[in-house]
Amino acid sequence: MEAAKDYIVHIDSKKRITLRGAEYQYYSVREYDNGCIVLEPRELVIPQSISAKTLAEMDRAIANFNQGTVSPAVDLSDF
């Protein structure tokens, strides 16, 4: 794969680097023991659906409810 940009950066006194002409505002950073740093662009968007992790938590909550593993009832009479 051909590099779109190739330039040298330095770390400033606060351990920061500057990306020239960055197309995205947010990046996911992975730093490896050999000194390689991988930046992957991230766009913060409203999800179109419920994530798999959330669905798994909901399934676990319903399974606990069906087994009777629930907290005591909450008294809402004051409201």
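The values are calculated or read from the model by the stated rules, or taken from the named source; none is laboratory data. Model, not experiment: these values are computed from the prediction. Methodologically, a virtual Cβ is constructed for each residue, glycine included, from the backbone with ideal geometry; neighbour enumeration extends over all protein chains shown. Remember, those area values only see protein heavy atoms, side chains included, never the ligands or the DNA or RNA. Shrake-Rupley method; radii C 1.70, N 1.55, O 1.52, S 1.80 Å.
Kindly indicate whether any position in the stretch 34-54 is modelled with pLDDT of 90 or more and part of a helix (DSSP H, G or I).
yes
Could you check the stretch 17-71 and list, in sequence order, the residues that are more than 21 Å from A3 (Cβ to Cβ), of a type in the set (S, T, N, Q), under 22 Å from the mean Cα position of the chain (by Cα) and open to solvent by less than 100 Å² (accessible area, probe 1.4 Å)?
Matches in the stretch 17-71: S49, S51, T54.
How many of the residues making up the stretch 1-33 are in contact with a Ser or Thr (Cβ under 9 Å, 6 or more places away or on another chain) and assigned to a strand (DSSP E or B)?
0
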